[in-house]
Amino acid sequence: MTQRKTYPTACPYDCPDCCGLLVTVEDGRAVKIAGDPAHPFTRGTLCPKMAHYERTVHHPGRLVTPLRRTGKKGAGDFAPIPWDEAIIEITERFRAIVKDYGAEAILPYSYAGTMGAVQHNGYHAFFYRLGASNLLRTICAPAKGYGVQAVMGKSFITAPQEAQQSDCIVLWSLSMLASDLHFLHDVNAAKARGATVWCIDTYATRTMERVADERIVIRPGTDGALALGILHILHRDGLTDDAFIERHVQGWDALVKDVLPRYTPAVVSEITDIPVARIEAFAHAYGTARAPFLRLGSGFSRYTNGVMTARLIACLPAAVGAYAKPGGGLLSSISSSHAIDRECIYHTDWKKPDTRSLNMCELGRILNDDKLTPPIKAIYVYSSNPAATAPDQVQVLRGLAREDLFTVVHERFLTDTARYADIVLPATSSLEADDLYYSYGNYCLQRGRAILPPVGESKSNWQVACLLAKGMGWDDPFFDQTDSDLVAELIESTRRCWELPLDLDKLKSGEPVPLPLPEDYKMMFRTPSGKIEIENPAETPPLPDHVPPTGDDAAFFFVNAPDARILDSSFNEREELTRGHTMELLMHPSDAARLHLADGQRVRASNARGAATFTLILSKRTPPGTVVSEGVWSHTVAGGCNTNALTSQRLTDRAGGSTFYDVKVNVAAI
Ligand SMILES: Nc1nc2c(c(=O)[nH]1)N[C@H]1C(S)=C(S)[C@@H](COP(=O)(O)OP(=O)(O)OC[C@H]3O[C@@H](n4cnc5c(=O)[nH]c(N)nc54)[C@H](O)[C@@H]3O)O[C@H]1N2
Ligand SMILES: Nc1nc2c(c(=O)[nH]1)N[C@H]1C(S)=C(S)[C@@H](COP(=O)(O)OP(=O)(O)OC[C@H]3O[C@@H](n4cnc5c(=O)[nH]c(N)nc54)[C@H](O)[C@@H]3O)O[C@H]1N2
Ligand code: SF4
Ligand SMILES: [Mo]
């Protein structure tokens, strides 16, 4: 008889929404995925990618056994091998490398293929104990986090639902319809009450076209100057909340005296390419709003001045006292993860104190650097696809092609990276592994259970870490725990980590659980001074000021933004999503006319690091001087290198972050 049952779980992907899902399972297969109406933020709707998650979970391309390479690196020729053989081979190679070069010659490389606290972090204890090089996981937006924290400390971030009460919502470098779809509900609720939505981006995104009432198109990497220009006008026109500043802000007077005079609307217009009248209009809308709400995406921070820009933007809500107003505030990344103690998985005490740390944004350099001592002799990749997603792809692929590099990739699919592996291990999907999910876009926790048997012989990250530990001959009982033991510990840890009590029965049951917030949470300024620190003595310089991004020496700014159909390189397996319109390059018709390029023709974008080919789309959605390509397409879908052949390994001013958009390219016909 057919068994059919529906289970609640969470979306595992690296997306701020962390949607509540209802998954119907029939005879061991997921047959239907729906949004969970009980979720307090995502309220029953899903994006097109996850509406058919079963097509990913049961995709014919899922890896079902461990594989050993039989052909050239990158060619994709492999033969199946049993798990025990794979574990013996990996641990023997690791032991030999440790003996000859030291454990730091081994590098784990991972990011957020799954956001579940157990599988995301499941290998840390193994690699700490091994003494492998530490990986600085900086590829996303640490500059935004660092910069906002330099001003706001560990204060609570404003909840998205708050925006419903706002009369002025600013979507600042947020590709919302692609990357934070469910915030649209809150934005629409505010619009229905008469709110105005401003969108600030480098080109007319779909979000700007479809959601914004007011559009601002800015020159890439100059948002810090725009923030200063707005602050200048707010001060000049008496639109600041002086009582709030007096009580809650540190360094305003110094900013007014030492920095703001230089950022007149005319100067800012020159730097940002935004007409003076638009800067004035935006400053007045923000300054006169009853409850200004600022939602920060990450785009502005992926430049060499990313931290400084984040510090400057974070001054805006302070100047107008937005936190004191119902419906006002600043939403950057929410730390729902603070509700759990991930130390139960990390085992940081096993980390050897002097072990070196390597920055994942510099993978290309790290793999090719002869002077690195010890050199990297083995890389263990999981939950990430650096051959497609890491910057400076030519260098990354050159490194991965090294014959003397032992590469293991733990994956759900034979990705661009897995094709370079010596050993590939099959990974479970989120429906096959227990976990606990937290969101970075709303205050919510949710447990996910293994509701399907593993596809083929696939195993979770934690399960493989335990096998490797045993293979190394370690008999520590820590590695006898199951995924669900760890989930239970994490759930228990919420009692000591979150200041208000959660509904633990609900959390255990798998339902989404909102994290309760103190009533005055927006006014709790958790900084060393207890005030919002526009001037922060621990930073260099203590007072923020705009610095231009480094950029490249080429003709066009190159913005490579998210595509709604995929998520980083995830979902490239879904032919129905990736059919057509992939490697496209938007260019303003005036630029195309000057270069004698026509709509629909094949072009090559290039710079000192590499080149990629695109279909040219002439469009007024992008301003003259900027070209845009959306999506991180796998090499198979892209038909060769993707946008990361053009991006650089340069890091942000602080926090070691990625600078994906701080790029220039030349464009020519092919
Ligand atoms: N569908 C889909 N969803 C995703 C992802 C995806 O790839 N696809 N990626 C996921 C991940 S890992 C993340 S981190 C988030 C990212 O989500 P977002 O924060 O929305 O995306 P970003 O890549 O930071 O880029 C946002 C916008 O910044 C703009 N931008 C670039 N440079 C500048 C600038 O100098 N100034 C201004 N004002 N704007 C600029 C870009 O044009 C883009 O529209 O989304 C997640 N969700
Ligand atoms: N040009 C350009 N490049 C970018 C960006 C950009 O905007 N432009 N965005 C950057 C950003 S913000 C980010 S965060 C990075 C993300 O880059 P990556 O970390 O490479 O993310 P994905 O491409 O989603 O790859 C995640 C992989 O994890 C696998 N996976 C999923 N679940 C599991 C699991 O449980 N176990 C294991 N072992 N594997 C699993 C998936 O199959 C998938 O192949 O990309 C960056 N790259
Ligand atoms: S990818 Fe984002 S929007 Fe889509 S289901 Fe997952 S959390 Fe929701
Ligand atoms: Mo990201």
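The values are calculated or read from the model by the stated rules, or taken from the named source; none is laboratory data. Given the structure is predicted, the values throughout are model-derived calculations rather than measurements. Note: ideal-geometry Cβ built from the backbone for every residue, glycine included; neighbour counts use all protein chains shown. Calculation scope for accessible area: heavy atoms of the full protein, side chains included, ligands and nucleic acids excluded. Shrake-Rupley method; radii C 1.70, N 1.55, O 1.52, S 1.80 Å.
Counting only residues that are aliphatic (A, V, I, L, M) and within 16 Å of ligand 4 (Cβ to nearest atom), which one in segment 112-167 is surrounded by the most Cβ atoms within 10 Å (Cβ to Cβ)? Quick ask: steps written out before the conclusion?
Step one: of segment 112-167, the residues aliphatic (A, V, I, L, M) are 112, 115, 117-118, 125, 130, 132, 135-136, 139, 141, 143, 148, 150-152, 157, 159, 163.
Okay, now just the ones that are also within 16 Å of ligand 4 (Cβ to nearest atom), so 112, 115, 135-136, 139, 141, 143, 148.
Working: A112: 20, M115: 24, L135: 23, L136: 17, I139: 25, A141: 26, A143: 31, V148: 22.
In this case the residue turns out to be A143.
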(request) Give segment 446-470 a look and list any residue that's aliphatic (A, V, I, L, M) and not in a loop (DSSP other than H, G, I, E, B), or say none. (result) V464, A465, L467, L468, A469
(message) Which count do you get for residues in segment 606-660 that are assigned to a loop (DSSP other than H, G, I, E, B), more than 19 Å from A387 (Cβ to Cβ) and not polar (S, T, N, Q)?
(response) 13
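Say whether the condition of being in a loop (DSSP other than H, G, I, E, B), out of contact with any Asp or Glu (no Cβ under 7 Å at 6 or more places or on another chain) and surrounded by fewer than 19 Cβ atoms within 10 Å (Cβ to Cβ) is met by at least one residue in segment 197-217.
Initial filter on segment 197-217 (in a loop (DSSP other than H, G, I, E, B)): 202-205, 212-213.
This time we only want the ones that are out of contact with any Asp or Glu (no Cβ under 7 Å at 6 or more places or on another chain), so: 202-205, 212-213.
Among the residues that remain, those that are also surrounded by fewer than 19 Cβ atoms within 10 Å (Cβ to Cβ) are: 213.
Yes.
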(message) Under 6 Å between Cβ atoms, which residue pairs at least 6 apart in sequence (or on different chains) link something in segment 179-191 that is in contact (Cβ under 8 Å) with a residue 12 or more places away in the chain with a partner that is more than 14 Å from ligand 1 (Cβ to nearest atom) and part of a helix (DSSP H, G or I)?
(response) D186/Q161; D186/A163; D186/Q164; A189/Q164; A190/A163; A190/Q164
(message) Go through segment 342-394 and report how many residues are open to solvent by 10 Å² or more (accessible area, probe 1.4 Å), under 16 Å from F127 (Cβ atoms) and within 16 Å of ligand 1 (Cβ to nearest atom).
(response) 2
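Consider segment 407-416. How many of its residues are part of a strand (DSSP E or B) and more than 11 Å from K73 (Cβ to Cβ)? Give the steps one after another, and end with the answer.
Filtering segment 407-416 down to residues part of a strand (DSSP E or B) leaves 407-411.
Restricting the remaining residues to those that are more than 11 Å from K73 (Cβ to Cβ) gives 408-411.
Total satisfying the criteria: 4.
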(request) Mind listing whichever residues of segment 170-196 are within 11 Å of ligand 1 (Cβ to nearest atom), assigned to a helix (DSSP H, G or I) and touching a Pro at 6+ places or on another chain (Cβ under 6 Å)? (result) A178, S179, F183
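Scan T636, T626, T613 and give me the residue that is within 18 Å of S175 (Cα to Cα) and polar (S, T, N, Q).
Numbers: T636 fails: within 18 Å of S175 (Cα to Cα); T613 fails: within 18 Å of S175 (Cα to Cα).
After ruling out the rest, the residue left standing is T626.
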(request) Would you please name the residue that is surrounded by the most Cβ atoms within 10 Å (Cβ to Cβ), looking only at residues in segment 53-89 that are in contact with an Asp or Glu (Cβ under 9 Å, 6 or more places away or on another chain) and assigned to a helix (DSSP H, G or I)? (result) T56
(request) Considering each of G251, G297, G287 in turn, give the residue that is of a type outside the set (A, V, I, L, M, F, W, C), in contact (Cβ under 8 Å) with a residue 12 or more places away in the chain, within 16 Å of ligand 4 (Cβ to nearest atom) and more than 15 Å from P548 (Cβ to Cβ). (result) G297
(request) Give the residue, chosen from T540, T527, T550, that is in contact (Cβ under 8 Å) with a residue 12 or more places away in the chain, open to solvent by 60 Å² or more (accessible area, probe 1.4 Å), away from ligand 2 (no atom under 16 Å from the Cβ) and over 22 Å from S439 (Cβ atoms). (result) T550
(request) Name the one entry in G229, G287, G327 that is modelled with pLDDT of 95 or more, closer than 29 Å to P623 by Cβ, open to solvent by less than 10 Å² (accessible area, probe 1.4 Å) and not β-branched (V, I, T). (result) G229
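Tell me yes or no: at least one residue of segment 10-18 is open to solvent by less than 40 Å² (accessible area, probe 1.4 Å) and either of a type in the set (S, T, N, Q) or away from ligand 3 (no atom under 11 Å from the Cβ) (or both). First the steps, then the outcome.
The first filter runs over segment 10-18 and keeps only residues open to solvent by less than 40 Å² (accessible area, probe 1.4 Å), leaving 10-18.
Cutting the leftovers down to either of a type in the set (S, T, N, Q) or away from ligand 3 (no atom under 11 Å from the Cβ) (or both) gives us none.
No, there is no match, as no residue in segment 10-18 is open to solvent by less than 40 Å² (accessible area, probe 1.4 Å) and either of a type in the set (S, T, N, Q) or away from ligand 3 (no atom under 11 Å from the Cβ) (or both).
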(message) Restricting to segment 501-517, name every residue that is part of a loop (DSSP other than H, G, I, E, B), open to solvent by less than 30 Å² (accessible area, probe 1.4 Å) and either among the aromatic types (F, W, Y) or free of Cβ contacts under 8 Å to residues at least 40 places away in the same chain (or both).
(response) none
(message) Between a residue in segment 91-105 that is at positive phi and any residue that is outside any helix (DSSP H, G or I), which pairs come within a Cβ distance under 9 Å, given they are 6 or more apart or on different chains?
(response) G102/G131; G102/P374
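Quick one: is L363 touching a residue at least 24 places away in the same chain (Cβ under 8 Å) and not acidic (D, E)? Let's see the steps before the verdict.
Numbers: touching a residue at least 24 places away in the same chain (Cβ under 8 Å): yes; not acidic (D, E): yes.
Against the criterion (touching a residue at least 24 places away in the same chain (Cβ under 8 Å) and not acidic (D, E)), L363 qualifies.
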(request) Would you please list the contacts, defined by Cβ atoms under 6 Å and residues six or more apart or on different chains, that run from a residue in segment 444-465 that is without any contact (Cβ under 8 Å) to a residue 24 or more places away in the chain to a residue that is part of a loop (DSSP other than H, G, I, E, B) and of a type outside the set (A, V, I, L, M)? (result) none
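Taking segment 1-18 as the search range and keeping residues that are of a type outside the set (F, W, Y) and more than 16 Å from ligand 2 (Cβ to nearest atom), which one is farthest from A112 (Cα to Cα)?
Quick first cut of segment 1-18, residues of a type outside the set (F, W, Y) only: 1-6, 8-12, 14-18.
The next check asks that each one be more than 16 Å from ligand 2 (Cβ to nearest atom); those that pass are 1-6, 8.
Values: M1: 39, T2: 35, Q3: 33, R4: 31, K5: 29, T6: 26, P8: 21 Å.
Within segment 1-18, the match that is farthest from A112 (Cα to Cα) is M1.
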(message) Are there helices (runs of 4 or more DSSP H) fully within segment 272-326 with at least 1 residues that are under 26 Å from L651 (Cβ atoms) and more than 16 Å from ligand 2 (Cβ to nearest atom)? List them.
(response) 306-313, 315-320
